[in-house]
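J.: This structure is in structure tokens; I'll ask about it shortly.
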Amino acid sequence: MWHGEYRHPRLVEVYDAECPWGWDDDFFMAVLAEHTAPRVLDLGCGTGRLAIAMAGAGHEVTGVDPAGPALDAARRKPGAARVRWIEGSASALPARAFDAAFLTGHVAQFFVDDQEWSELLRVLRRSLVAEGRLIFDSRDPAARARHQWNPEESRRIVVLADGGEVEAWTEVTAEGDGVVSLLHHYRFSDGEALTSRETMRFRTEGELRESLADAGFRVDRVYGGWGREPVGLSEDGELIVIAVADS
């Protein structure tokens, strides 16, 4: 299944168990608090962990995701009623409707084709007010983290909320020109085995900066880790971008 962690109910549970609140969430909440941003977009919100927290902090939050099962899980969480949930894509976003937009969990890398990425940035620029901020994360292609995506190093046991256990591992099925395809394996304790596929694009800092400028953004800051380290100086291996919509 393509992106099964968001589209298959059992894998949505695994995703939530593997992705509790973390340093990245703390970072995004801190960045959000740096400027006044009454209206916030969480694009690719998944199961809603960050969207619900931002709404709880007093922001008017819209969470958008194309995966219905992930949104179903989000709606069941405490505080979900404060968020406006939309099943769909960025194409339907209204103009000048948001003061800040977030793409977290490396959602930016799911836009593999350059034209698709460019169109997304232009839609986001149109949906933001002048001087509105776009905040997103993307893995640094110079980092070595992705080389751990093999059945030996990635094998792990995931403990679900109900105490059940899932054996999981990942393997790379194709790689080239900055594009990596993965196959994720999940073996449940009741014997069911599921797989999930994804393909992601690794863009360099220079490529991200150029694409943002072309779409009408200026880059404010780029960090290499959740502790705000410079690019290349953190084991996190991130490119965390804060950009501003030109007036």
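J.: Taking the dipole about the Cα centre of the chain, with the C-beta of Lys and Arg at +1 and of Asp and Glu at -1, give me whichever of Leu11, Met200, Ser91 is farthest to the positive side.
T.: Ser91
J.: With viscosity set to 0.692 mPa s at 37 °C, what whole-number translational diffusion coefficient in µm²/s follows for region 17-77 from Stokes-Einstein and a Kirkwood radius over Cα pairs?
T.: Details: Rh = 12.0 Å.
In µm²/s, the coefficient is 274.
J.: Once you charge only the Cβ atoms, +1 for Lys and Arg and -1 for Asp and Glu, what is the size of the charge dipole of the chain about its Cα centre, to the nearest 20 debye?
T.: In debye, rounded to 20, the chain gives about 760.
J.: Dipole of region 98-238 (Lys/Arg Cβ +1, Asp/Glu Cβ -1, origin at the Cα centre): which of Ala142, Tyr186, Leu120 lies farthest to the positive side?
T.: Most positive-ward Cα: Leu120.
J.: Can I ask one more? Over all alpha-carbon pairs of region 114-235, lay out the pair-distance distribution in 5 Å bins, whole %, shortest bin first.
T.: So the P(r) values, bin by bin, are 2, 9, 15, 16, 15, 15, 12, 10, 6, 2, 0.
J.: When the chain is treated as a GNM, springs tying every alpha-carbon pair under 10 Å, which of Arg187, Arg82, Arg139 comes out with the largest mean-square fluctuation?
T.: The residue with the greatest mean-square fluctuation here is Arg187.
J.: Using the alpha-carbon atoms, what tilt in degrees (0 to 90, nearest 10) does helix 9-18 show relative to the longest principal axis of the chain?
T.: On a 0 to 90 degree scale, this one is about 70.
J.: Binning every alpha carbon pair distance of region 178-220 at 5 Å from zero, what are the percents per bin?
T.: 5, 17, 16, 12, 11, 10, 9, 7, 7, 5, 1
J.: Shape verdict for region 36-107, please, from the Cα gyration tensor: rounded (a/c under 1.5), prolate (a/b greater than b/c) or oblate. Could you put the intermediate results ahead of the total?
T.: Working: a/c = 1.65, a/b = 1.11, b/c = 1.49.
The shape class here is oblate.
J.: Okay, moving on. Using only the alpha-carbon atoms of region 43-155, report the extent along each of the three principal axes, biggest first, to the nearest angstrom.
T.: 43, 34, 24
J.: Taking the Cα centre of region 81-159 as origin and charging only Cβ (+1 Lys, Arg; -1 Asp, Glu), how large is the dipole, in debye to the nearest 20?
T.: Details: 12 positive and 11 negative charges, 58 e Å.
It comes to approximately 280 debye.
J.: Assuming a viscosity of 0.692 mPa s and a temperature of 37 °C, what translational diffusion coefficient in µm² per second does Stokes-Einstein assign to the chain, Rh being the Kirkwood radius over Cα pairs?
T.: On the way: Rh = 18.6 Å.
It comes out at roughly 177 µm²/s.
J.: Computed from the mean reciprocal separation of all distinct C-alpha pairs, what Kirkwood hydrodynamic radius does region 125-176 have, in Å? Present the calculation step by step, with values, prior to reporting the outcome.
T.: Numbers: mean 1/r = 0.0671 Å⁻¹.
Value: 14.9 Å, from the Cα pair sum.
J.: Then there's this: Mind jotting down the distance between the C-alpha centroids of region 178-193 and region 27-78, whole Å?
T.: Rounded to whole Å, the Cα centres lie 27 Å apart.
Bear in mind these aren't lab numbers, they're just calculated from the coordinates by the rules spelled out. The model shown is predicted, which means the values in this text are computed figures rather than measured ones. Cβ: placed from backbone, ideal geometry, glycine included. Neighbour counts: every protein chain shown.
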